[in-house]
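Novice: Just dropping this structure here.
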Amino acid sequence: MTQYLSFKYKRNFFLRRERHHRLLHSPWAGGLVLVIFAALAMILANIPATAEAYHHLLESHLTVGFDHFKLSKPLEAWINDGLMVIFFFHVGLEIKREIMAGHLSTIRQAALPIAAAIGGMIVPALIYTGINLSGGEPSGWGVPMATDIAFAIGVLSLLGNRVPVSLKIFLTALAVADDLGGILVIALFYSTDIHFEILGIIAGVFLLMILLRKFNVYKMRYYLILSIIIWILFLNSGIHATIAGVLIALTIPSTPRYTKRYFLYKTRFYLDSFRQHNRDGVEILSNKKQLEDIETIRQVAVNAISPAQRLEYALHHTVAFFIMPIFALANAGISIEGFGDLGVLFKPLGAGIFLGLVVGKPIGIFLFSHIAVRLKWGELPDGITWPMIFGVSCLGGIGFTMSIFINNLAFTDPAVVTGGKISILIASLTAGVIGWLVTRIVSPRKKSLSSHEKNV
């Protein structure tokens, strides 16, 4: 009886752990956490008992350093200029992987999502500019250009097996290309008072990091030290510091220290050694030689994965469940005093953002995808129809994280920043609902197999 209960407890423990593992790695989990923290920020900012403390906390200064060298910034700035550097570093690693070995690695594969991303940036920017060119806020043209990959993939994943894998791959590649476009827009158009002498120093440090990669230096501490230096230099360069994260990602080695053949040889050798040194009744903890064999296998296994892959995998949960929720908590706290504040949607700023994301994104993504296929630059992946492409195009209008980030850079007037955030939140929610509905309608439910068909 005791053995049965012990077995049942262990089985339930492993089942729970497996469920938690699947939950943390599910595509929609990060988006769900993001929604929860955005809603929490809205609640904190609009309840009289917590609103003052919420805004006071974000405005409180945090100082790091010592007398002659220190950084002192409000907590909100540390989040937007510090934590978000890690987010952009992770995005840079994803872009690098997709270009080197993913869905952007060949011209044929990359043509369709890149064309879709370009259309999804140009058309919203034109719509916004057309509405705001006279009497509006023309500097915000970059706000409706961005797609939030976590939200978009999360909403698409809610449809389960209705959606073919190839459609999810297309949306992922599209979002990665869109992120690259957003990064270029931030670097080229939302940088002010550029100090070229500091950029020269940054170029020297960046070149040193490239040389480290060139000479196969795999110790991450050297990259970490130089990365901190580049980030500090960017803070004073006039170009937003988050660009440092992308540049640093480009220098991280993407080839493993050990080849697959070497990995197989060494692991076989030390597994044989582990078996030879096995002694009945002696646990591994007391067997020094077996401990050494296991440690060697661990080091070989670690070095059989490239540093870029290791960092991308290791940072996934940090970015999805800490950095992005904290960003949402700090930036989505908008005080809305009745329906009067929602009237921003009828002003040039709000109308430009809303129509850019909800209308411009679907038109741009769908139109440029169609042009790319018609010109035979790319082709529709297997199992995807044009109505499905339109559904995904609607999901591209979910701008949230990147749109809010660009919104903070584009405007300096707090009232305009708040109006932009309100428009982004409403537009992203609308685009998500429309995209989900359209994709659900156009994606046929897969029929479950009968018992006879399963046996066959």
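The values are calculated or read from the model by the stated rules, or taken from the named source; none is laboratory data. Given the structure is predicted, the values throughout are model-derived calculations rather than measurements. Here the Cβ positions follow ideal geometry from the backbone for every residue, glycine too, while neighbour counts run over all protein chains shown. Each accessible area value is taken on the protein alone, full model and side chains, heavy atoms only, with ligands, DNA and RNA left out. Shrake-Rupley method; radii C 1.70, N 1.55, O 1.52, S 1.80 Å.
Novice: Can you pull out every residue in the stretch 376-396 that is within 22 Å of the chain's Cα centre (by Cα) and of a type in the set (Gly, Ala, Ser)?
Specialist: Gly391, Ser393, Gly396
Novice: So Tyr258 passes all but one of these: (1) at pLDDT 90 or above; (2) in a loop (DSSP other than H, G, I, E, B); (3) closer than 23 Å to His90 by Cα. Which condition number does it fail?
Specialist: Single failed check for Tyr258: (3).
Here's the yes/no breakdown for (1) closer than 21 Å to Pro414 by Cβ; (2) at pLDDT 90 or above; (3) over 21 Å from the mean Cα position of the chain (by Cα); (4) small (Gly, Ala, Ser):
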| site | (1), (2), (3), (4) |
| --- | --- |
| Phe89 | no, yes, no, no |
| Glu94 | no, no, no, no |
| Gly102 | no, no, no, yes |
| Ile118 | no, yes, no, no |
| Gly136 | yes, no, yes, yes |
| Trp141 | yes, yes, yes, no |
| Ala150 | no, no, no, yes |
| Leu158 | no, no, no, no |
| Asn161 | no, no, yes, no |
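Novice: I need a count of the residues in the stretch 51-87 that are among the basic types (Lys, Arg) and either on the phi > 0 side of the Ramachandran plot or crowded, with 17+ Cβ neighbours inside 10 Å (or both).
Specialist: Residues meeting the conditions: 0.
Novice: Would you please name the residue that is nearest to Ala175 (Cα to Cα), looking only at residues in the stretch 349-386 that are of a type in the set (D, E, K, R) and not in a helix (DSSP H, G or I)?
Specialist: Among them, the one singled out is Glu379.
Novice: Which of the following residues is more than 27 Å from Ile326 (Cβ to Cβ) and among the small types (Gly, Ala, Ser): Gly136, Gly65?
Specialist: Unique residue meeting the criteria: Gly136.
Novice: If I go through the stretch 100-123 residue by residue, how many of them are β-branched (Val, Ile, Thr) and buried (at least 17 other Cβ atoms within 10 Å of the Cβ)?
Specialist: 3
Novice: If you don't mind, another one. For the stretch 40-50: of the residues being touching a Leu at 6+ places or on another chain (Cβ under 7 Å) and more than 9 Å from Ile334 (Cα to Cα), which is least open to solvent (accessible area, probe 1.4 Å)?
Specialist: Ranking the qualifying residues of the stretch 40-50, first place goes to Thr50.
Novice: Then there's this: Under 7 Å between Cβ atoms, at least 6 apart or on separate chains: pull out the pairs that start in the stretch 139-150 with a residue that is part of a loop (DSSP other than H, G, I, E, B) and end on any residue that is aliphatic (A, V, I, L, M) and at pLDDT 95 or above.
Specialist: Pairs found: Trp141/Ala125; Gly142/Ala125.
Rundown of residues vs (1) open to solvent by 10 Å² or more (accessible area, probe 1.4 Å); (2) of a type in the set (Phe, Trp, Tyr); (3) under 25 Å from Val85 (Cα atoms); (4) over 23 Å from the mean Cα position of the chain (by Cα), yes/no style:
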position	(1), (2), (3), (4)
Gly356	no, no, no, no
Phe366	yes, yes, no, no
His370	yes, no, no, yes
Arg374	yes, no, no, yes
Ile398	no, no, yes, no
Val417	yes, no, yes, no
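Novice: Any idea which of (1) open to solvent by less than 50 Å² (accessible area, probe 1.4 Å); (2) closer than 30 Å to Leu104 by Cβ; (3) at pLDDT below 95; (4) part of a helix (DSSP H, G or I) is the one His317 doesn't satisfy?
Specialist: Condition not satisfied by His317: (1).
Novice: Separate question: Could you tell me whether the stretch 129-139 includes any residue that is surrounded by fewer than 22 Cβ atoms within 10 Å (Cβ to Cβ), closer than 30 Å to Pro387 by Cα and not aromatic (Phe, Trp, Tyr)?
Specialist: Checked the stretch 129-139: at least one residue is surrounded by fewer than 22 Cβ atoms within 10 Å (Cβ to Cβ), closer than 30 Å to Pro387 by Cα and not aromatic (Phe, Trp, Tyr).
Novice: Let me ask something else. Identify, by number, the condition in (1) more than 41 Å from the chain's Cα centre (by Cα); (2) modelled with pLDDT of 90 or more; (3) of a type in the set (D, E, K, R) that Glu283 doesn't meet.
Specialist: Here Glu283 clears every test but (2).
Novice: Within the stretch 161-255, which helices (runs of 4 or more DSSP H) (wholly inside it) include 1 or more residues that are open to solvent by 50 Å² or more (accessible area, probe 1.4 Å), in contact with a Phe, Trp or Tyr (Cβ under 9 Å, 6 or more places away or on another chain) and not aromatic (Phe, Trp, Tyr)?
Specialist: 196-214, 242-251
Novice: Mind checking whether some residue in the stretch 355-365 is among the charged types (D, E, K, R) and over 25 Å from Ile79 (Cβ atoms)?
Specialist: yes
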